[in-house]
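The values are calculated or read from the model by the stated rules, or taken from the named source; none is laboratory data. Note that the structure is a prediction, hence the values are computed from the model and not measured. A quick note on method: Cβ atoms are made from the backbone with ideal geometry, for glycine too, and the neighbour counts reach across all protein chains shown. These accessible areas exclude ligands, DNA and RNA; they are computed on the full protein's heavy atoms, side chains included. Shrake-Rupley method; radii C 1.70, N 1.55, O 1.52, S 1.80 Å.
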Amino acid sequence: MTLRVPSTIKRVRLHTNKYINEKIKENTLRNISYYTGKDNKEIIDRIELLNREWDIERVLETNAASVVILSTILGFKVNKKWFALSGIAGAFLLQHAIQGWCPPVPVFRRLGVRTSSEINYEKQALKNLLNTDKSFS
């Protein structure tokens with residue numbers, strides 16, 4: 001029996017509601033449209049902002065690490081039952097690594113958190129808008 005897992009690039013989008021994927025795509029296209037015709041400085045500033053945008057992987061990792069730290073503190077200070085929360089966070093991360101989905105993903109996607117591919121799509125489109133007489137690295 002072969003374990004079939006989706007490709008890393010597509011796994012989150014495949015497990016996200018079609019409506020949410022469309023909203024994220026529309027927002028990205030609206031951003032690109034807004035910067036069409038803008039000067040290079042404005043476009044470069046937007047690209048720099050995109051370089052600092054957290055993707056879904058970073059948000060999930062930060063969320064899980066926070067849950068582990070909090071549950072460990074609560075486990076020592078309040079009740080040992082809090083340690084179970086660390087196990088749940090670990091299970092969610094494992095599930096996400098394999099399938100591209102875990103319970104927090106739909107929440108974060110509804111909040112507009114994008115995949116690295118979605119962010120990179122906007123960055124590349126903006127780089128294509130830059131006037132060729134000015135260099136960008």
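Data table
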| read-out | value |
| --- | --- |
| Pair-distance profile P(r), taking every C-alpha pair of region 1-73, with 10 angstrom steps and integer % | 14, 30, 31, 19, 6, 0 |
| Top positive-direction residue, dipole computed over the chain with Cβ charges, set THR36, LEU85, VAL107 | LEU85 |
| C-alpha long axis of helix 40-52 to longest principal axis of the chain, angle in ° | 10 |
| Protein accessible area in the chain, 1.4 Å probe - carbon and sulfur % | 59 |
| Highest-fluctuation residue, LYS123, LYS23, LYS77 considered, GNM on the chain with Cα pairs under 10 Å | LYS77 |
| Region 51-134, dipole about Cα centre (Lys/Arg Cβ +1, Asp/Glu Cβ -1), debye to the nearest 20 | 300 |
| Distribution of pairwise C-alpha distances over the chain, 10 Å bins, in % | 11, 32, 26, 19, 9, 3, 0 |
| Rounded D (µm²/s) - region 73-114, Kirkwood Rh over Cα pairs, Stokes-Einstein at 10 °C, 1.306 mPa s | 136 |
| Per-pair calculated FRET efficiency, R0 = 22 Å: GLU48 and GLU26 via Cβ, rounded to 0.05 | 0.40 |
| Accessible area (Å², 1.4 Å probe, nearest 10) - HIS96 | 10 |
| Interchain or long-range residues, amide H under 5 Å from ARG114's placed H | ILE56 |
| Estimated 222 nm signal from helices in the chain, with DSSP H stretches of n ≥ 4 weighted -39500 (n - 2.57), rounded to 500 | -22000 deg cm²/dmol |
| Degrees separating the helix 83-99 axis from the principal Cα axis of the chain, which is the longest one | 40 |
| Dipole in debye (nearest 20) - region 13-72, about Cα centre, beta carbon charges: Lys, Arg +1; Asp, Glu -1 | 220 |
| Rounded to the nearest 10 Å², the accessible area of LYS127 at probe 1.4 Å | 90 |
